[in-house]
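Trainee: Structure below; questions to follow.
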Amino acid sequence: MLKLVAAAAALFLVAVYLLQDRLVFHPQPLSAVQRAGLAKRYPGVREVFLIATDGARLHAWHVGGPGLSALAIYFGGNAEEVSWMLERLVRAPGVAWLLVDYRGYGGSEGVPSESLLVSDALAWHAHAASLDKRIFLFGRSLGSGVAVQLAAQRPVAGVVLVTPFDSLVEVGKRHYPFLPVGLLLRHRFDSLSRAPSITAPLLCLVATRDEIIPAEHARRLYDAWAGPKRWVALEEAGHNTTDSHPLFWQSVTDFLVKSPS
């Protein structure tokens, strides 16, 4: 009997290991027809395509023309199709935006993984650097893990993190206390270990009622950040309701537009 239990437990752990990508990533693809409709709806927005180092075709939305004060690269959440941001950003003052589609999301090809998302982020940064000297990073939820790794490897004018975490391992332990998450998880997004090396200014926006990434995970990352930083608590906001809080866009706009050159 004990052997059967042990075998069943081992099979369960193997299944969790093999299926973990479905827990971490939830791709939201957009067809060419859907993208064409969005481009027609927002005539000031351009589709941008890059070819990754492994040949995958990557897609992003570029919002804003020349003469703006900076460019912000946006990395979304694990189930986020980033074109929903277009409605807001076409009216945003002062800053151009590059809304990045992860692999398998939006108009990007491929299958997502931590290493590939970071590699792609480096390529998007190189593209952004060809357009503007002042580059900000904006990472939401899972995207905070991508933004932090990029900020640790490239110079940026500042970093905005929304509902960020210290590491995906620590978040996983909270939600799956019965699993050896530290041993199983391949996509670790260890932001905490990188924060002490980042001197770029940080704006950290945290939902006080975040049911997915409680604020203590953001606090550990914030405390370890080496550069100047500002903590904004979005009172009563949940993980997916941050943008409706009155302090959210006010804080983001002030940080991006008023940051010193």
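Trainee: Exactly one of (1) surrounded by fewer than 23 Cβ atoms within 10 Å (Cβ to Cβ); (2) in contact (Cβ under 8 Å) with a residue 40 or more places away in the chain is unmet by Gly76. Its number?
Mentor: Result: Gly76 passes all but (1).
Trainee: I would also like to ask the following. Going by what's in this entry, would Phe178 be described as out of contact with any strand residue (DSSP E or B) (no Cβ under 7 Å at 6 or more places or on another chain) and under 30 Å from Ala126 (Cα atoms)?
Mentor: When the stated conditions are applied, Phe178 does not pass them.
Trainee: When you look at Pro177, is it without any contact (Cβ under 8 Å) to a residue 24 or more places away in the chain, assigned to a loop (DSSP other than H, G, I, E, B) and out of contact with any Phe, Trp or Tyr (no Cβ under 6 Å at 6 or more places or on another chain), yes or no?
Mentor: When the stated conditions are applied, Pro177 passes them.
Trainee: Could you say whether any residue in region 80-87 is at pLDDT 95 or above, within 21 Å of Thr253 (Cα to Cα) and of a type in the set (Ser, Thr, Tyr)?
Mentor: yes
Trainee: Could you check region 39-55 and list, in sequence order, the residues that are free of Cβ contacts under 8 Å to residues at least 60 places away in the same chain and either crowded, with 17+ Cβ neighbours inside 10 Å or assigned to a strand (DSSP E or B) (or both)?
Mentor: Val45, Arg46, Phe49, Ile51
Trainee: If the requirement is being of a type outside the set (Phe, Trp, Tyr), within 21 Å of Arg140 (Cβ to Cβ), in contact with a His (Cβ under 9 Å, 6 or more places away or on another chain) and at pLDDT 65 or above, which of these qualifies: Leu58, Leu30?
Mentor: When all the criteria are applied, what remains is Leu30.
Trainee: I would also like to ask the following. Based on this model, can you work out whether Phe189 counts as assigned to a loop (DSSP other than H, G, I, E, B), at positive phi and touching a residue at least 24 places away in the same chain (Cβ under 8 Å)?
Mentor: Spelling it out, Phe189 is indeed assigned to a loop (DSSP other than H, G, I, E, B), at positive phi and touching a residue at least 24 places away in the same chain (Cβ under 8 Å).
Trainee: Additional query: If you scan region 22-47, which residues turn out to be more than 29 Å from Leu185 (Cβ to Cβ) and touching a helix residue (DSSP H, G or I) at 6+ places or on another chain (Cβ under 7 Å)?
Mentor: Across region 22-47, the qualifying residues are Leu38, Tyr42, Val45, Glu47.
Trainee: Taking region 226-246, which residues are more than 25 Å from Pro196 (Cα to Cα) and either small (Gly, Ala, Ser) or exposed (fewer than 15 other Cβ atoms within 10 Å of the Cβ) (or both)?
Mentor: Glu235, Glu236, Ala237, Gly238, Thr241, Ser244, Pro246
Trainee: Testing Leu247 on (1) part of a helix (DSSP H, G or I); (2) within 19 Å of Glu80 (Cα to Cα), one condition comes back false. Which one is that?
Mentor: Result: Leu247 passes all but (2).
Trainee: Here is a further query. Checking the condition part of a strand (DSSP E or B), β-branched (Val, Ile, Thr) and under 16 Å from the mean Cα position of the chain (by Cα), which residue from Val206, Val232, Val148, Val171 passes?
Mentor: Val206
Trainee: Could you say whether any residue in region 139-157 is hydroxyl-bearing (Ser, Thr, Tyr) and crowded, with 16+ Cβ neighbours inside 10 Å?
Mentor: Yes, region 139-157 contains at least one residue that is hydroxyl-bearing (Ser, Thr, Tyr) and crowded, with 16+ Cβ neighbours inside 10 Å.
Trainee: If I go through region 115-145 residue by residue, how many of them are in contact with a Phe, Trp or Tyr (Cβ under 6 Å, 6 or more places away or on another chain), of a type outside the set (Gly, Ala, Ser) and in a helix (DSSP H, G or I)?
Mentor: 1
The values are calculated or read from the model by the stated rules, or taken from the named source; none is laboratory data. These numbers were taken from a predicted model, which means no experiment stands behind them. For neighbour counting, all protein chains shown are included, and Cβ atoms are generated from backbone atoms with ideal geometry for every residue, glycine included.
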